[in-house]
Each structure stands twice: as structure tokens, then as C-alpha cells.
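Here the structure is laid out as C-alpha cells; the discussion comes afterwards.
The values are calculated or read from the model by the stated rules, or taken from the named source; none is laboratory data. Here the structure is a predicted model, which means the values were calculated and not measured. Neighbour counts are summed over all protein chains in view; Cβ atoms, including those assigned to glycine, are modelled from backbone coordinates with ideal geometry. Just so you know, the surface numbers come from the protein's heavy atoms only, side chains and all, with ligands and any DNA or RNA stripped out. Shrake-Rupley method; radii C 1.70, N 1.55, O 1.52, S 1.80 Å.
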Amino acid sequence: MESPNQTTVQEFIFTAFPCSWVDSVLCFVPLLIIYSFIVVGNLVIITVVQLNIHLHTPMYLFISTLSFMEIWYTTATIPKMLFSLLSERKSISLNGCLLQMYFFHSTGISEVCLLTAMAFDRYLAICSPLHYPTIMTPKLCAQLTLSCCVCGFITPLPEIAWVATLPFCGSNHLEHIFCDFLPVLRLACTDTQAIVMIQVVDVVHAVEIIIAVMLIFMSYVGIVAVILRIRSAEGRRKAFSTCVSHLTVFLLFFGSVALMYLRFSATYSLFWDTVIALGFAVLSPFFNPIIYSLRNKEIKEAIKKHMCQAKTIFHKTRNLK
């Protein structure tokens, strides 16, 4: 119940950013470079997959969809972080906070589902290579991709709706670098409701993460079992190389996500909360284009081909002038 002298909070102030201008600029520059690389790198992957017909396979269509999600996943938080670093008042409106939470979690959950679908795709490709073309058809690939996106954008809606009904009438100092469920729920006025909400959110996130991890783990158990039965070392290397990129992204993303959302009642200091959040909100998306382009021979060759074509066109145009 709100007391008469309490006013409803209309904005939150981020308190995890550096206070001094020099420190803010020192954080702003690398974050801007990382965000630019994430956007450009993922746009390159999407463009290369779309322009090369031989890359129109389920694996690369999943990768291009994941790259598209990565752009929106980071855009939900990083531009606001950059603005806050250079702003004297590091604030966000209540409605803006709810929208940021929704798009951050909806794209994040979509990525979790996509990584699970990619594990299923790799399992079929390695464990049932003869039946793979008839099972993983373009139609099934499109259905899986659409299901991942629908699941991602529907799952956070109840949580956002619950948070929107809570009164925020006390402190508006948000101890984080972007809006997330637990830091926001700690600022709710109704203690009992906030405690219940934190427990509900903990359980929901835990179930999402554990189900995805179990499905991916079971897929890779089957994959490893098949790879170990391959007699030639070259055959084992080739089979495993098709899974390394996906497995690396999985470990990077889920490692930091698990630290943040599988802690239940455990609490971290503001410093470690910020470090873990940067891990899955910034660093994991930063490494994804590197992993999928530099470690993938077909994508590297396609990028080189288009760069050579662009260079040739540029020289022809310059000669004509």
C-alpha cells in the first residue's frame, strides 16, 4: 500500500556506470567499437548467406537467423549504455525500462531456442546423414526458426505484465547497467509481492535454461558417440569441426547466462553483477561473428570472393573515371 507522501517512480537511474567523465569515455570507446563490430559482422554473415546459393542449407540459415537476432539482442541494451556513459543523468523511463527488458529477453530466449534447434540439426546431420535431407527439409527449417522466434517473443510477456503491475514508489536507483528483472524487482514497494515475483522469475529462467542445456547436451552426447565410432582420424576431425563453432557459442552464452540466472537466492556484488551481465550481453555477441566467420571455411571463402568482386568493380569504376 502506498503512503500519502510517496510518489510513483516514473524513471530509474543506473548506478553501475562510472561516475567520472574520464572513466565513462574510456568505457564508451571500446563499447562503441564492439557494438559496431557486432552489427557489421553479423550483417556480413547475413548478406553472404543470402548471396550464395550453396549456403542456403539449414545450418547456414540458422546461423543467419542467429546473426539477425544478435543485432537486435545487443541493440536492446548497448545503445542505451552508450548514451548513459556520456549522459550526466543516466536514466531510463519506466516504460522504456519495461520495453528494454522485453526485447532483451525475447531476443535472448529466441537465441536459446535457435541454439537448441542448431544442436538438433547437427545431430541429424552427423547421426543420420542418409535421412538428413528428407528430415531437415526447408519447410521444417522454416518452421523451427519461426517457432523459436514465437517462443522467444511470447515467453517474457507474462513476466513483463507482472512487473508492470507492481508499484515503484521508493528508491529509483537501479544497480545495473541495463534493465533486468531482478534489479528492477528489488525496487518494488510491496515486499511480499516482490519476493514472490523474484522466486517466480528465478524458477521460469531456471526451467528455460535447464531444458535448453539438457536438449543440447543430449544432442552432443549422440554426436560424440557417433564421431568416436568413425575409424579414420580425418573423418573424425571433419565431423567434429562442423560442431565446434556451435559448441563454442553455446558454452560462451550459456556459461554467463547460467551465472546470472541460476543463482536463486545467492547475491553478487555490483561489480560481479556488471561483469557477468557484460559477459552475455556484450562479449558473447562480440565473439559470435568471429567464431562463425573465421572458423568456417565456406563463409571465409564466400567473404573473400565478394571482397575480390567489390575490389574489381571499384578498380573498373575508377579507371572509367
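Quick notes on this structure:
- Degrees separating the helix 58-75 axis from the principal Cα axis of the chain, which is the longest one: 30
- In loop segments of region 44-108 as defined by DSSP, the trypsin sites (Lys or Arg not before Pro) with at most 13 further C-beta atoms inside 10 Å of their C-beta are ARG89.
- Length-normalised contact order for the chain - Cα pairs under 8 Å, 6+ apart - percent: 25
- Computed on region 32-91, with alpha-carbon pairs under 8 angstrom and 6+ residues apart, the relative contact order is 36 percent.
- Over the chain, DSSP H runs of length four or greater, each weighted -39,500 (n - 2.57), average out per residue to a 222 nm ellipticity of -25500 deg cm²/dmol.
- To the nearest ten degrees, helix 94-127 and the longest principal axis of the Cα atoms of the chain are 30 degrees apart.
- For ILE135, net neighbour charge (Lys/Arg +1, Asp/Glu -1) across residues whose Cβ lies under 15 Å away: +1
- Here the accessible area of the chain is 71 percent carbon and sulfur, with a 1.4 angstrom probe and all protein chains present.
- Net charge of neighbours whose Cβ lies under 13 Å from the Cβ of PHE178, counting Lys and Arg as +1 and Asp and Glu as -1: -1
- Candidates per GluC sites (Glu not before Pro) in region 77-162, loop by DSSP, up to 12 other Cβ within 10 Å: GLU88
- Principal-axis tilt of helix 284-294 within the chain, Cα atoms, nearest 10 degrees: 10
- Cα-based shape type of region 1-93, given that a ≥ b ≥ c are square roots of the gyration tensor eigenvalues and the cut on a/c is 1.5: oblate
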